[in-house]
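All remarks here apply to the structure that follows.
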Amino acid sequence: MTKDSNEPNGTNGDMAAADYFATNPKPASLDRQSAIARAFIEQHAHEGRRVALVTSGGTTVPLENQTVRFIDNFSAGTRGATSAEYFLEAGYAVIFLHRQYSLLPYSRHYSHSTNCFLDFMTHNVAGAVVVESEYQQQMAKVLERYRKAKRENALLLLPFTTVNEYLWYLRELAMQMRPLGANGLFYLAAAVSDFFVPAERMVEHKIQSSEDFHQETTNGEGERAPAAHMDGKSLMIDLDPVPKFLKQLVDAWAPQSMIVSFKLETDPALLAKKARYALEKYSHHLVIGNMLSTRKWEVLFVSAEGGEKWIRVPATRRTKSLTGRDGDIVENAESREPAIEIESWIVPEVAKMHSQLIEKAKLQE
Ligand code: 9Z3
């Protein structure tokens, strides 16, 4: 994954965002989904509602055109799906741009649980299938909110899989959201790959691991070698950097909207530094930093106006003793569970900042 520092930009794959869209294929579904998004945005703009684009889930990087193998980024979609529900509750219309089959608003309460969804059901005395009594109350609340979102046509679900699809959709939706001005909000929780295989360096067929079936590793004279190829028994992967789309989003695609990005780290020493760095580099409104291991109960807000602020929800410590064959305790495993969903605190904070931005924009009109 190294790049030759002697090569000027443009030949080493560090391409500008504009070149990206000229050289990487537009998703087949984009135009159709874009028309649906336009109608959705028009409806809510007309009704004076704010619209949040919530991105969610990991983006894949396929190694082959007819994809058998791909690289993925970590994200179950919990942050995005949960936040989307709280944005709806705060009166926003939500475009939920998500990794296909990751968690969705409302259904998330039942879909990826360790229970099969059928475990929430039972038979009543008349033999009809009903919800188990212990889940009735909670499911009634979720159902009510889900129905309201449907009734008001306030939630639009748009799926993606690859990082290429994600980038095309993000740009397209940003263009569609432009008429909203300051009423538009971008909440970028999807885990976006920093590296990718450009279309021109993607092989068509499944990479053959057996040396007896190795394929050609050069594309032709003057062209760069495929990004993934075999070298003896080893698979070599040489990825290009994804262009800095956040810069484009802030400066060109959605200059009037509020933009919130997430920063995911695993080393606590880096989190605040990297979040600050992103805010300074892109000059958008808010970076929400989170650590992989503690993301469900603490996040760091970094903004020009508010400085740095941790948001922490109470979390209960649970110690589970693992016993050995003889019944003796061999390990105490500690886990933490948040007492409340941290998104129920994150989203109102973001909405408050958004209100301030809208007020400021009105004064400048
Ligand atoms: C996040 O940091 C999200 O909060 C998580 C959510 C991926 C941790 P889960 O879905 O996890 O609840 O399991 N997203 C990362 C955002 C990201 O990739 N940012 C990029 C960057 O900072 C582009 S904006 O460079």
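The values are calculated or read from the model by the stated rules, or taken from the named source; none is laboratory data. Only a predicted model underlies this, so the values are computations on that prediction, with no experimental measurement involved. Note that each Cβ is placed from the backbone with ideal geometry, even for glycine, and that neighbours are counted across all protein chains shown.
Of all residues in the stretch 39-65, those satisfying the criterion of being charged (D, E, K, R) and either under 21 Å from the mean Cα position of the chain (by Cα) or not in a helix (DSSP H, G or I) (or both) are GLU47, ARG49, ARG50, GLU64.
Residue-level analysis places VAL68 among those that are in a loop (DSSP other than H, G, I, E, B) and of a type in the set (Val, Ile, Thr). Out of curiosity, is LYS263 in the same structural domain as ASP251 (by TED's automatic domain parsing) and either within 12 Å of the ligand (Cβ to nearest atom) or among the hydroxyl-bearing types (Ser, Thr, Tyr) (or both)? Against the criterion (in the same structural domain as ASP251 (by TED's automatic domain parsing) and either within 12 Å of the ligand (Cβ to nearest atom) or among the hydroxyl-bearing types (Ser, Thr, Tyr) (or both)), LYS263 qualifies.
Conditions (1) modelled with pLDDT of 90 or more; (2) within 26 Å of ALA174 (Cβ to Cβ); (3) not basic (Lys, Arg), marked per residue:
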position: LYS206; (1), (2), (3): yes, no, no
position: ASP212; (1), (2), (3): no, no, yes
position: PRO241; (1), (2), (3): yes, yes, yes
position: GLN248; (1), (2), (3): yes, yes, yes
position: ALA252; (1), (2), (3): yes, yes, yes
position: VAL260; (1), (2), (3): yes, yes, yes
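If you filter the stretch 185-200 down to residues that are within 19 Å of the chain's Cα centre (by Cα) and over 20 Å from ARG79 (Cβ atoms), you find that the one that is surrounded by the most Cβ atoms within 10 Å (Cβ to Cβ) is PHE196. Restricted to the stretch 132-175, and to residues there that are hydroxyl-bearing (Ser, Thr, Tyr) and not assigned by TED's automatic domain parsing to the domain that holds ALA76, the residue that is farthest from the chain's Cα centre (by Cα) is SER133. Among the residues examined, SER83 does not qualify as part of a loop (DSSP other than H, G, I, E, B), touching a residue at least 40 places away in the same chain (Cβ under 8 Å) and crowded, with 17+ Cβ neighbours inside 10 Å.
Considering the stretch 282-324, and only residues there that are over 26 Å from ILE340 (Cβ atoms), touching a Leu at 6+ places or on another chain (Cβ under 8 Å) and at pLDDT 95 or above, the residue that is surrounded by the fewest Cβ atoms within 10 Å (Cβ to Cβ) turns out to be TYR282. Meeting the requirement of 2 or more residues that are loosely packed, with under 11 Cβ neighbours inside 10 Å and modelled with pLDDT of 95 or more, no strands (runs of 3 or more DSSP E) wholly within the stretch 87-145 can be named. Does ARG69 satisfy the condition of being under 23 Å from LEU249 (Cβ atoms), out of contact with any helix residue (DSSP H, G or I) (no Cβ under 6 Å at 6 or more places or on another chain) and either more than 14 Å from the ligand (Cβ to nearest atom) or in the same structural domain as ARG151 (by TED's automatic domain parsing) (or both)? It is false that ARG69 is under 23 Å from LEU249 (Cβ atoms), out of contact with any helix residue (DSSP H, G or I) (no Cβ under 6 Å at 6 or more places or on another chain) and either more than 14 Å from the ligand (Cβ to nearest atom) or in the same structural domain as ARG151 (by TED's automatic domain parsing) (or both).
Looking at ALA339, is it touching a Pro at 6+ places or on another chain (Cβ under 9 Å), farther than 23 Å from LEU270 by Cβ and either surrounded by 10 or more Cβ atoms within 10 Å (Cβ to Cβ) or not assigned by TED's automatic domain parsing to the domain that holds LEU88 (or both)? Judged against the criteria, ALA339 is a match. Anything in the stretch 237-260 that is more than 14 Å from the ligand (Cβ to nearest atom) and either over 30 Å from HIS214 (Cβ atoms) or loosely packed, with under 15 Cβ neighbours inside 10 Å (or both)? List them, or say none. Passing the criteria: ASP251, ALA252, PRO255, GLN256, SER257, MET258.
Restrict the check to the stretch 119-131 and report whether at least one residue is in contact with a strand residue (DSSP E or B) (Cβ under 9 Å, 6 or more places away or on another chain), touching a residue at least 12 places away in the same chain (Cβ under 8 Å) and not aliphatic (A, V, I, L, M). Yes: one or more hits. In this structure, ARG32 does not satisfy being within 12 Å of the ligand (Cβ to nearest atom), charged (D, E, K, R) and part of a helix (DSSP H, G or I).
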